[in-house]
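Note sheet for the following structure.
The values are calculated or read from the model by the stated rules, or taken from the named source; none is laboratory data. Treat the numbers as computed from the prediction; the structure is a model and nothing was measured. Counting neighbours? That spans all protein chains shown, and the Cβs are built from the backbone with ideal geometry, glycine included.
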Amino acid sequence: MLQCPKHPVDVVLDTDTYNEVDDQFALAYLLKNKDKLRTQAVYAAPFLNEKADSPKAGMEKSYQEILNILNLADVEKGKIPVFKGAERFLKDEKSPVISTASEDLIRRAMGHSGENPLYVVGIAAATNIASAILQEPAIRERMVVVWLGGSALHCQGMEEFNLAEDVLAARVLFDSGVPLVHLPCWGVVESFSLSRPEMEAYLMGKNKLADYLAGYAIRAVEEWMPDTAWAKVIWDVTAVAWLLNDGQRFMNERIMPCPKIISASEYTLSDEVRPPHRGKNYGMPFGYTLSDEVRPPRRGKNYGMPFGYTLSDGVRLSRRGRDYGTALGHVFSEKRHSMKYVYRIERDALMTDLITKLCKD
């Protein structure tokens, strides 16, 4: 279920569309790939920042912006249903925030199977998705979640908006065992940026949707950084693009143990969350806390992940070029389920595809 689909699939999008400028690009990109991605529904997610004085207000504004993008994309009214999501964030890891979005997600997921899963693209706080899992755990076997949020494992200590908005929901998601594809923002997806000259050259004047996306983004960024040479990260497009990543043409990925979330900026790869023992860091070169069963590299060797992480003895690196267990050479401990981890974005290839699709009528 963690392989990029090679045939048309059913997709739902969970988005805080009014929060930034990139959600609009992601929704438009999803709609422009209708030959492979069958958009079944869009869910408005809550957010709280200077644009919304409460999570409910953020969700309501996102709901209206979703409708606006569907209209600009000439989607027939009502053809793609839009549902309002949670009006607040989770208060604990056991109590869902029930909404029409979470109810619809349950209904649609239960209509799918492990052989034909529903793909859930999350580009916001995980509140709606986590709530649906808490309401009906059986959906975990019938869907794949592609979630953009948090930071790369080498970016310890950097808070990221989608994770920080609802840490409890992210914990539910990462602990649930649902097939999960994780696209970290800081350290990975931040490379996917688009400058004002590029927007003006490639998007402006092409069609009303492309005009809106470019104009909205330029105005928004100019308010933040006037008289500055800037490039805006279009984060959320990458989550949709994973569904089109056959042959890893848009991004590189690997299987790894799903980490536990400690806070808005920290992860651990063990079943037990412990602070560094006696001021020492066991295993992770960037400050992650692991259990005592996770040992540091011995004699300068790395026993685990090829990018510097060491895991428990239950995780072995492929030896002598042989692959023990997965296509990426790792056998992971049964104590923690695996996930797909995106570690690099092929910026130019994906940007070319995004611009090409957006400029088509």
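Screening segment 152-177 for residues that are within 17 Å of Pro257 (Cβ to Cβ), small (Gly, Ala, Ser) and within 14 Å of the chain's Cα centre (by Cα) and picking the one that is surrounded by the most Cβ atoms within 10 Å (Cβ to Cβ) gives Ala170.
Only one of the numbered conditions (1) assigned to a loop (DSSP other than H, G, I, E, B); (2) in contact with a Ser or Thr (Cβ under 9 Å, 6 or more places away or on another chain); (3) within 23 Å of Ile106 (Cβ to Cβ); (4) not hydroxyl-bearing (Ser, Thr, Tyr) is not met by Met1, and that is (2).
Of all the residues in segment 15-28, those that are under 15 Å from the mean Cα position of the chain (by Cα) and either over 20 Å from Phe192 (Cα atoms) or among the aromatic types (Phe, Trp, Tyr) (or both) number 1.
For Leu213, are the conditions met, namely being in a strand (DSSP E or B), out of contact with any His (no Cβ under 6 Å at 6 or more places or on another chain) and under 20 Å from Leu354 (Cβ atoms)? No; evaluated as a whole, the condition is false for this residue.
Let's see how each residue does on (1) among the basic types (Lys, Arg); (2) closer than 20 Å to Val240 by Cα:
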position: Ala73; (1), (2): no, yes
position: Lys94; (1), (2): yes, no
position: Arg108; (1), (2): yes, yes
position: Ser113; (1), (2): no, no
position: Ile133; (1), (2): no, no
position: Glu136; (1), (2): no, no
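Within segment 216-240, count every residue that is part of a loop (DSSP other than H, G, I, E, B), of a type outside the set (Gly, Ala, Ser) and either surrounded by fewer than 22 Cβ atoms within 10 Å (Cβ to Cβ) or not assigned by TED's automatic domain parsing to the domain that holds Val181 (or both). Number of matching residues: 5. Looking across segment 174-210, the residues that are over 30 Å from Gly114 (Cβ atoms) and part of a strand (DSSP E or B) come down to Trp186, Ser193, Leu194, Ser195.
Within segment 15-31, identify whether any single residue is assigned to a strand (DSSP E or B), among the hydroxyl-bearing types (Ser, Thr, Tyr) and in contact with a helix residue (DSSP H, G or I) (Cβ under 7 Å, 6 or more places away or on another chain), and answer yes or no. Yes, some residue in segment 15-31 is assigned to a strand (DSSP E or B), among the hydroxyl-bearing types (Ser, Thr, Tyr) and in contact with a helix residue (DSSP H, G or I) (Cβ under 7 Å, 6 or more places away or on another chain). Only one entry of Pro197, Pro184, Pro137 meets the criterion of being in contact (Cβ under 8 Å) with a residue 12 or more places away in the chain and either under 29 Å from Ala349 (Cα atoms) or touching a Pro at 6+ places or on another chain (Cβ under 8 Å) (or both), and that entry is Pro184. When restricted to residues that are closer than 11 Å to Ala26 by Cβ and small (Gly, Ala, Ser), segment 208-247 contains 2.
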